[in-house]
Amino acid sequence: MRRVVFLLVVGLFLVVLSGSANSLTFAGVNIPNSVRVDNKTLNLNGYGIRYFKLLFIKVKVYLGSLYSDIKTIRSADELINDKGPKVIVMHFLHTVKAKQIRDTFVKDFKHNFKKILGTDAEKKFLALFKKKVKPGDEIKLVFHENGDLCVFYNSELSGCVKGSRLLQKAVLMAYFGSHPYSEDLKEEMLGLKKAEE
């Protein structure tokens, strides 16, 4: 009997150990260390929180994380110019309406990559954001090697914009361009700076 209990305890310990090796927790959010895209394992580059300032209060909007096949990113340009697969995950900590998401992308495009404005690719991309998100919801942006960009709501496919390198670059520039919403979040997601709550 003691041997059985011992084996069960050892087994449970190994399960917990293997689970902790595959993810980490930050701000109460479980963040996988890797994801699979295009038959490749993409490693977590970095993560951080996007805040919205309301008067003197900082509201946590989402926790953003970046995955790529670049082991260590040395600069934003290296990531933006890389044609390999990537994933950006937004794990929401606050309710955000679909229109707010669309408007934010348009604003970030204006600040970082005006060339995409008014194109069919931009219109198709913005149309994929149809629903508001609540705390605990996730939106995933999946950048495929063939130029496709797909949007997932909680692992459910919202849709894809096919074969547009221009759109891929525009979305990456929205997060990692020279005029991001948050320089801290940009550096944290690139893994150039340690995330802080």
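Residues considered: Glu145, Glu78, Glu122. Of these, the only one that is more than 29 Å from Gly28 (Cβ to Cβ), in contact with a Pro (Cβ under 7 Å, 6 or more places away or on another chain) and of a type in the set (D, E, K, R) is Glu145. If only residues of the stretch 140-158 that are touching a helix residue (DSSP H, G or I) at 6+ places or on another chain (Cβ under 8 Å) and in contact (Cβ under 8 Å) with a residue 24 or more places away in the chain are counted, the one that is farthest from Ser65 (Cα to Cα) is Leu149.
Against the condition surrounded by 18 or more Cβ atoms within 10 Å (Cβ to Cβ), over 11 Å from the mean Cα position of the chain (by Cα) and more than 15 Å from Phe143 (Cβ to Cβ), how does Val35 come out, does it pass? Working first, answer last.
Details: surrounded by 18 or more Cβ atoms within 10 Å (Cβ to Cβ): yes; over 11 Å from the mean Cα position of the chain (by Cα): yes; more than 15 Å from Phe143 (Cβ to Cβ): no.
So Val35 fails the test.
Just one of the listed residues (Val35, Val89) is closer than 15 Å to Ala174 by Cα and β-branched (Val, Ile, Thr), namely Val89.
Pairs meeting the criteria (first residue in the stretch 43-57 and part of a strand (DSSP E or B), second residue at pLDDT 90 or above and aromatic (Phe, Trp, Tyr), beta carbons under 8 Å, at least 6 apart or on different chains) are Asn43/Tyr67; Leu44/Tyr67; Asn45/Tyr67; Tyr47/Phe26; Ile49/Tyr62; Arg50/Tyr62; Arg50/Tyr181.
Residues in the stretch 130-157 that are crowded, with 16+ Cβ neighbours inside 10 Å and over 22 Å from Thr41 (Cβ atoms): Val133, Asp137, Tyr153.
The values are calculated or read from the model by the stated rules, or taken from the named source; none is laboratory data. Nothing here was measured: the structure is a model prediction, and the numbers come from that model. We place every Cβ from the backbone using ideal geometry, glycine too, and count neighbours over all the protein chains shown.
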